[in-house]
């Protein structure tokens, strides 16, 4: 069991003891600190909330909502929703912030509080630290009975979200409709089941849904990576579909499966969509240090500049704003289009990818062949309370002292034709080791070298 308190919120397993798991006490303390921060901003005493399909969602949501009400904060409760939808609803409601109750790709025993500012973006590192300190001090001040907050009726923000996507100048609805696409969608028993169908209906896409009951009993490990998508691949071939679509439980990560059942690769989601967008709008792109070099290559081929950031959506967004990027994302399938909002968004990614396929006149597998053939391998090492992360990083850094080292987020060793990145996860008690090379064997060798070094 675990509890991770970080500058971006709180994530943990349900049950067990306070301060070791995500318990009611931990939730109330963090939400109280967040609510008081909202009040201190003096922008709006209104917060938008929404949740994914997790079993613990109603309990976590109820605890948080009632805590906000007890602070005198009004709440717009979207109920079942997606992370990008909540982000967009914050600005539409002129709210002071927002919360999504989701542990993203983590298994069903996990849940989390994703905390947003009044721009519908993840709170800054500085604000996150303020919340952690406030929660620790427990210097709380709740509202009197005559000043309690109220629940504000919610609009259909899924429809609002989809309308904004369809209105984008890069989405040619008539073109997409004329293609009569057929797709298979893995909804992973969460809110993709109620957000993707209306988008696909608007685009005249024929679809088959799998794992489409919102039960929170995930049919497989909910992270949309190849190891978990074999059934989707099988169904794509069985139904002779043009492609398969997989999302995570809160619909901010997007992965495709080719018509032949092969994986398009989560890393190439942002690569292909950037390639499409840069045909229509020139400008810089950004991805994090653990994402494929293919985005760099595609961006430069379009005559634009590419930049990197530390891992984490807030870091990617900050770098995008700093360089005026027109597109960004993370290699886990996280598409960020500033013209819509500064957040990872699977829904807009689907619309842009379908448009891209129409324009190119290619199957998804043939589209993949257009891009640089990099191979990325991801692994992890479980941590315990005695693990000295700094010592691990220092040991690797010393060994590779003569190479190009990037230290803004863990340690990335950047070779001429490959790279390996070692860092502590923000969402799980693990160390991630990610390598990319021109062959899978070479990437595996890079990871093996790191592991062997750590075992010495």
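Here, each number is a calculation from the coordinates, and none is a lab measurement. All values reported here derive from a predicted model rather than from experimental measurement. Here Cβ is always computed from backbone atoms with ideal geometry, including for glycine, and neighbour counts include all displayed protein chains.
A few points about this structure:
- Burial order of peptide ranges 431-443, 135-147 (average beta-carbon count within 10 Å, highest first): 431-443, 135-147
- The calculated FRET efficiency for residue 25 paired with residue 395, based on their beta-carbon distance and R0 = 60 Å, is about 0.95.
- Full-extension gain in nm, residue 126 to residue 379, via 0.36 nm per residue minus C-alpha separation: 88.1 nm
- Across all directions, the shadow cast by the convex hull of the stretch 116-234 built on its C-alpha atoms averages 12.4 square nanometres.
- Label separation (residue 150 vs residue 414): 5.5 nm, computed from points 7 Å beyond Cα along the C-beta direction.
- Working ranking of peptides 279-287, 19-27, 89-97 by packing, defined as the average number of other Cβ atoms within 10 Å per residue, highest first, is 89-97, 279-287, 19-27.
- Unit Cα scatterers, Debye sum, the stretch 161-368: log10 I(q)/I(0) for q = 0.09 Å⁻¹: -0.30
- For the stretch 3-155, the spread of Cα positions along each principal axis, largest first, Å: 35, 34, 30
- Distance (nanometres) between label positions extended 7 Å along Cα→Cβ at residue 142 and residue 66: 1.0
- Contour excess over end-to-end distance, with Cα ends at residue 166 and residue 227 and 0.36 nm allotted per residue: 18.7 nm
- Within the chain, helix-based [θ] at 222 nm, where runs of 4 or more DSSP H residues each add -39,500 (n - 2.57), nearest 500: -11500 deg cm²/dmol
- Take the Cβ atoms of residue 430 and residue 305, set R0 to 25 Å, and the FRET efficiency comes out at 0.15.
- Averaged over residues, the count of other Cβ atoms within 10 Å places the peptides 171-178, 53-60 in the sequence 53-60, 171-178, highest first.
- Using only the C-alpha atoms, the convex hull of the stretch 375-455 corresponds to 87 Å³ per residue.
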